[in-house]
Each structure stands twice: as C-alpha cells, then as structure tokens.
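Read through the structure below, which is laid out as structure tokens, and then see the notes.
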Amino acid sequence: ANLAEFPAGLCLHTAIPTNSRAILVKLEVEYLKKARGTLTSKASMENTIEHLEAPTHVSIDSSICDSSGTTVATARTTWLVSPVSEESSKS
C-alpha cells in the first residue's frame, strides 16, 4: 500500500498549485498476485490543477508491477486538496 501511495503523492504534488496542500483521505488496494522480487510502482495524472478556490477531492490510480512487468496490485488514493490562506502560509 505504501509503495502505491508514494508515487501518487509525488504525482499529485507536482500537479497542484504551490499555495495548496494535500492530505490523503482514502487508500484502496487490490492485491492481484503474490509479489516476488523487485517491485515498481507507477502513478500518473491526466491534468494539472492550476487554480484552486475550494477544497477538492482528487483520485489517482497506481499500479505495482514485478520485475517481469506483471501487475501484482493496483491502488486508488483519494486526496483532499485545499488552498492555503496567505496567513497560514506565513507561519
């Protein structure tokens, strides 16, 4: 689950405005096969969020593959992305 969350978080934080924050609120994992050996996790987003006026839920799908390229697990992370007020960002 952590291996799927990490790239999703990286992906999200590069796609949201610098004056916002994201908190993981839901993590769903489906284990498809027993994972053996070296694992690789990937996540991607279709669009960036250029302007944010209100808290928004964003879901990102991740996949975990073994060294042969077989998907051993999938995950969906849901994040609450909120704008940070200027007063909050000064502290």
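The table below gives the values:
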read-out	value
Nearest-20 debye value, the chain charge dipole, Cβ charges on Lys, Arg, Asp, Glu	440 debye
Accessible area expressed per residue, the chain, with surrounding protein chains retained (probe 1.4 Å, Å²)	68 Å²
Estimated inter-spin distance, residue 10 and residue 36, nm [label 7 Å along Cα→Cβ]	2.7 nm
Helix 2-15 vs. the chain, principal-axis angle (Cα, 0 to 90°, nearest 10)	40 degrees
Largest to smallest accessible area among 5, 30, 46, 53 [probe 1.4 Å]	46, 53, 30, 5
Computed helical MRE - 222 nm, the chain, DSSP H runs ≥ 4 contributing -39500 (n - 2.57), nearest 500	-6000 deg cm²/dmol
Portion, in percent, of the accessible area of the chain that falls on carbon or sulfur, probe 1.4 Å	49 percent
Stretchable slack from residue 45 to residue 23, in nm (0.36 nm times residue separation minus alpha-carbon distance)	6.3 nm
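The values are calculated or read from the model by the stated rules, or taken from the named source; none is laboratory data. These numbers were taken from a predicted model, which means no experiment stands behind them. Cβ: placed from backbone, ideal geometry, glycine included. Neighbour counts: every protein chain shown. Quick note on the areas: whole protein, heavy atoms, side chains included, nothing else; ligands and nucleic acids left out. Shrake-Rupley method; radii C 1.70, N 1.55, O 1.52, S 1.80 Å.
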